Amino acid sequence: MIPIVYPLSLAAILFVIGIVGFLVRKNAIVIFMCLELMFNAANLVFITFTNYYQLIDGQAFVVFIMTIAAAEVAVGLALIVAIFRTKHSIDIDQMNSLKG
Amino acid sequence: MTLNLFIFLALAFIAIAAAAGLIISRNTVYSALFLIINFLAVAVIYLVMGAPFIALAQITVYAGAIMVLFLFVIMLLGAEKPKEIEQMKWQRPLAIILSGAILVEGVYALITRVAVTVTTSPATTLLSDPKTLGISLYTKYSLPFEITSVILLVAAIGAVVLTKKTKKEAGK
Amino acid sequence: MESGLTFNLVPWVVFLPLIGLGINLLFGRKLGEIFSGTVASLATGLAFVVSILLAVALAGHPEGVTVPLADWITIGSLTVRWAFRVDTLSVVMMLVVSGVGTLIHIYSIGYMHNDVRHNGDEGRFTRFFVYLNLFIAAMMILVSADNFLMMFVGWEGVGLCSYLLIGFWFEKGKNGIGNAEAAKKAFITNRVGDFGLLVAMFLIFVNFGTFQFDAVFSQAAAVAAAKPGIMLAITLFMLLGVTGKSAQLPLYVWLPDAMAGPTPVSALIHAATMVTAGVYLMTRSSAFYALVPTAQSVVMWVGAATALFAATIAIGQYDIKKVLAYSTISQLGFMVAAVGMGATVAGMFHLVTHAFFKGLLFLAAGSVIQGVERGMHHGDHNTDPQDMRQMGGLRKQMPVTFWVYLIGALALSGIAPLAGFFSKDEILASAWKSQPGIFIVLALAAFMTAFYMGRQLVLVFFGEPRSTAAKGASESKLVVTLPLMILAGLSVLGGLLNFPGLLTLEKWLGHTLGEGEPAHFVWVVAGISLVLALLGLGLGWMIYSRKNEKVFVDPLKKALGPLFTAMENKWWVDELYTVVILNPYKAFAQFMAEPVDLGVIDRIGGGLAAGTRVLAEGLRKLENGYLRSYGLLMLLGLAAILTWLFLH
């Protein structure tokens with residue numbers, strides 16, 4: 001009922017905003033949240049096409065993405081906590097020991 | 001059909017505003033809250049598109065579990081207002097320029113290549129039914145399903161292991 | 001013995017000296033001087049016996065035989081074998097090399113013994129004989145080769161042995177490296193000549209398709225008719241090789257310096273055998289030269305000019321060996337001129353007789369030098385034992401040496417009926433008949449030859465001794481004087497080889513070289529040459545036998561003034577070469593070494609390394625540990641891909 005362009009464009013915009021946030025912010029947690037934003041945009045595309053093609057597979061994909069995102073957030077945040085214990089900071093620019 | 005369009009546009013506006021707020025906000029907690037608003041807006045869009053199960057799953061899992069986890073960690077680390085000292089001056093402008101380029105290209109491609117007449121369909125009972133989703137998950141996608149369960153297990157274990165205090169730290 | 005079987009003995013002329021040197025290498029040092037010397041002399045002596053057997057077999061089979069040994073190179077259409085050519089020409093050379101070589105080996109046993117005593121290094125004695133045998137082996141390869149490439153192996157081999165033997169006393173000489181420098185000079189000058197020979201060989205291969213003598217010479221006429229320029233080039237480049245090896249103008253400068261080697265070396269290599277290799281080559285290739293009259297003229301004039309030029313220098317030399325060295329160059333000029341005129345038999349005849357009397361002269365000079373060295377033990381240590389100005393009156397102290405030296409000198413001057421008279425006369429006769437200009441030059445050179453030999457005889461053997469060393473000189477042992485006497489006998493009888501009327505050598509060589517016109521004995525020429533010889537000797541006697549001062553001043557200095565200074569200083573040819581060729585070359589090499597090699601080429605290598613380092617350092621900045629910059633790079637890639645997809 002709505003032209004497919006609009007949801008897709010919305011997804012694109014959300015995705016790009018996520019990218020910009022990922023690259024611009026220094027707080028590790030905010031960067032993580034931008035990752036979630038990008039995932040979300042991808043989910044939107046999947047659902048849009050589920051509706052368009054009338055196939056259930058898109059929704060199945062979204063289920064998987066959500067699950068994996070959840071798992072990833074758990075592990076990622078655990079990592080951030082572990083790093084915070086040593087560095088006492090969540091500034092992503094201070095986590096540059098792998099330079100060289 | 002304009003009603004649908006109107007609703008969609010409103011929701012889209014909210015989502016974009018929330019996303020912008022997320023990346024602009026200085027306070028980390030505010031960023032998290034903005035993200036929750038974004039999730040909610042997108043969930044309603046799912047609903048409009050005839051995927052109610054996914055919409056509610058989004059609210060439950062994303063907004064309910066993941067964001068809560070985020071807020072826990074933010075509070076734990078006391079990272080509400082970290083200092084922002086920019087070390088790479090050229091990072092910000094370059095990121096914005098490049099992203100803008102991508103966005104423009106993407107939207108332009110969409111607008112020119114996809115005809116406006118291509119529209120979504122109204123919500124059908126078949127697709128909205130969780131039963132359909134469940135059947136496909138357990139038959140066609142049973143392998144990814146099982147693997148996902150393993151991944152969840154691994155993630156749970158991993159999270160515990162990573163945050164375990166070692167003996168040295170415990171002794172301090 | 002049937003002739004077929006005898007011919008198969010020919011590889012032994014090479015292998016026997018090689019076995020000798022092998023035995024000496026392995027056991028010589030332990031088993032002592034007499035053993036080393038005997039083994040080496042025996043090896044060469046047996047090679048001489050084999051050569052005689054070959055000659056006898058050849059008498060019944062005069063066209064010559066090729067005895068193949070093994071295949072060497074087979075690439076495409078080129079087949080080169082190790083094959084020995086037994087024909088009258090090569091057998092003559094083999095006999096000379098092994099015969100004179102054996103005598104010199106025996107002489108060296110006595111001569112080098114004194115050297116070892118003075119230098120205190122026993123291993124050197126053995127090393128000397130190893131090198132000598134190596135030389136004989138290489139020379140045999142050269143003369144018995146069936147093709148140009150194998151001959152070149154021998155050619156290079158004798159060049160190497162010459163280098164090794166000239167620099168034998170490598171720590172002696174001017175500034176401690178004089179001998180080594182002389183050896184280097186010989187090697188490098190020969191190299192220049194070898195370049196000419198190599199180019200000639202390349203041209204031969206390209207135009208004839210083979211290196212084998214028979215095949216090449218049979219096609220020579222056809223190729224000369226089709227491509228006369230190529231034939232001229234081949235002959236002239238070959239001449240360049242000959243000027244190097246046989247010490248002609250302009251590449252003769254190594255031979256006088258080569259006198260830094262021990263006297264047996266000078267006798268064997270630089271008088272009798274190695275330097276004649278060039279003459280042998282040209283005689284072997286006479287088929288070529290006969291087809292190109294221009295080349296023949298060039299060869300003739302090079303030979304004649306060398307003969308005259310070297311004779312003038314010999315007049316002004318004071319070192320006993322240097323006089324003989326320049327005399328060798330001059331006589332080689334005679335031989336080369338003879339071959340150039342087409343009188344190849346005369347050239348070969350002179351080669352054989354020259355081996356006899358020049359070898360004799362060098363060996364006798366060695367005896368004189370060692371006699372004076374013995375005299376130096378009586379107190380006088382400042383004398384240069386080779387300087388003629390400090391000798392004199394030695395005929396009383398060293399009678400045997402005197403008599404053999406006299407015979408040699410008379411033979412060289414061309415007094416009948418000694419060997420030199422007949423051979424030199426034949427060359428002069430050929431010149432008289434066909435090339436009057438050459439005759440005049442050669443006659444002048446012959447006159448000067450007699451003159452400087454007379455000068456040398458008087459200065460060394462007559463008058464009063466001019467130093468205590470000369471007063472105390474004594475005769476050499478029998479092991480030294482016996483070969484001298486044998487060679488003296490050969491110098492006397494050598495004329496019979498090609499006695500006018502009998503013409504044995506001419507008929508013998510005619511089987512290989514083709515029938516030329518038989519040499520007639522021209523009485524006029526014989527008379528002129530005899531008169532010139534006697535005149536020269538007499539003049540030498542007159543000018544030099546009057547002085548009896550303590551400090552010797554050459555009377556010609558006053559008479560000829562600056563001309564004599566030029567002759568004394570070898571016409572400054574070495575200095576000219578140094579300024580014109582060596583110094584620019586050294587400057588060029590210096591230039592290439594420093595600015596070009598160090599500056600440019602090393603910089604290129606270093607630059608590549610430095611560039612890599614700079615690049616690596618630049619790229620390293622990308623890996624700064626900041627997550628966000630990595631993300632930015634990914635975004636960059638993403639934007640690029642999307643743009644590309646977008647545009648397509």
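Every read-out reported here was derived from the displayed coordinates using simple, explicitly stated rules and does not represent laboratory data. These figures come from a predicted structure and were not determined experimentally. Ideal geometry is used to build each Cβ from the backbone, glycine not excepted, and the neighbour counts take in all protein chains shown.
Remarks
- Maximal additional length on extending the C:Phe170-C:Leu647 stretch stands at 163.7 nm, based on 0.36 nm per residue less the C-alpha distance.
- Using C-alpha pairs below 8 Å separated by at least 6 residues, the relative contact order for chain C is 12 percent.
- Cα long-axis angle, helix C:213-226 against chain C (0 to 90 degrees, to the nearest 10): 80
- Taking 7 Å steps out from each Cα toward its Cβ at A:Ile65 and C:His377 produces label points 11.3 nm apart.
- Cα shape, region A:5-92, gyration tensor, a/c 1.5 rule: oblate
- To the nearest ten degrees, helix C:419-434 and the longest principal axis of the Cα atoms of chain C are 70 degrees apart.
- Distance violations [Cα-Cα > 28 Å] among C:Lys396/C:Lys477; C:Lys358/C:Lys586; C:Lys30/C:Lys185: C:Lys358/C:Lys586; C:Lys30/C:Lys185
- Efficiency of FRET from Cβ geometry, C:Leu608 and B:Ile147, R₀ 45 Å, rounded to 0.05: 0.35
- Environment charge at C:Ile141 (Cβ cut-off 15 Å; Lys +1, Arg +1, Asp -1, Glu -1): +2
- Debye intensity ratio in log₁₀ form over the Cα atoms of the protein assembly as shown, taken at each q of 0.05, 0.08, 0.10 Å⁻¹: -0.53, -0.72, -1.09
- Each Lys and Arg adds +1 at its Cβ and each Asp and Glu adds -1 at its Cβ; summed about the Cα centre, the protein assembly as shown shows a dipole of about 2180 debye.
- The local environment of C:His648, defined by Cβ-Cβ distances under 15 Å, has a net charge of 0 under the rule Lys, Arg +1 and Asp, Glu -1.
- Cα convex hull of region C:1-146, projected area averaged across orientations, nm²: 9.8
- Label-reachable residues, region C:274-309, where backbone N falls under 19 Å from a point 7 Å from C:Ile230's Cα toward its Cβ: C:285-295
- The label point for C:Ala222 and the one for A:Leu55, both projected 7 Å from the Cα toward the Cβ, are 8.4 nm apart.
- Region B:1-80: radius of gyration over Cα atoms, expressed as a fraction of 2.2 N^0.38 Å: 1.20
- Spacing of the two label points (7 Å from each Cα toward its C-beta) at C:Asn583 and B:Ile111, in nm: 8.6
- Chain C has equivalent-ellipsoid semi-axes of 51, 33, 27 Å, by the square roots of 5 times the alpha carbon gyration tensor eigenvalues, sorted largest first.
- Candidate membrane-span-like segments in chain B, meaning DSSP H helices with Cα atoms spread over at least 27 Å of their own axis and a Kyte-Doolittle mean of -0.5 or above, are B:2-24, B:28-48, B:91-113, B:142-162, with no membrane implied.
- Exposure proxy for C:Glu475, C:Glu426: other Cβ atoms within 10 Å of each Cβ, ordered fewest to most, give C:Glu475, C:Glu426.
- Charge dipole (region C:526-626, unit charges on Cβ, about Cα centre) - positive-most of C:Gly605, C:Ile528, C:Thr578: C:Ile528
- Chain lengthening between C:Ala59 and C:Asp319 when straightened (0.36 nm per residue, less Cα-Cα): 89.2 nm
- Angle in degrees between helix C:33-59 and the longest Cα principal axis of chain C, rounded to the nearest 10: 80
- Computed over neighbours whose Cβ is under 11 Å from that of C:Tyr326, the net charge equals +2, Lys and Arg +1, Asp and Glu -1.
- Remark: C:Val580, C:Val50, C:Val65 ranked as C:Val580, C:Val65, C:Val50, counting other beta-carbon atoms within 10 Å and listing the fewest first.
- Order of B:Phe39, C:Phe152 - criterion: other Cβ atoms within 10 Å of each residue's Cβ, fewest first: C:Phe152, B:Phe39
- Annotation: extensible slack from C:Leu534 through C:Leu633 equals 25.3 nm (criterion: 0.36 nm per residue apart, minus Cα-Cα distance).
- On the basis of the beta-carbon distance and an R0 of 22 Å, B:Ala20 and B:Leu94 show a calculated FRET efficiency of 0.70.
- Counting DSSP beta bridges with both ends in region C:1-146, the antiparallel % (nearest 5): 100
- FRET efficiency for B:Val29 and C:Gln590, using Cβ-Cβ distance with R0 set to 60 Å, rounded to 0.05: 0.15
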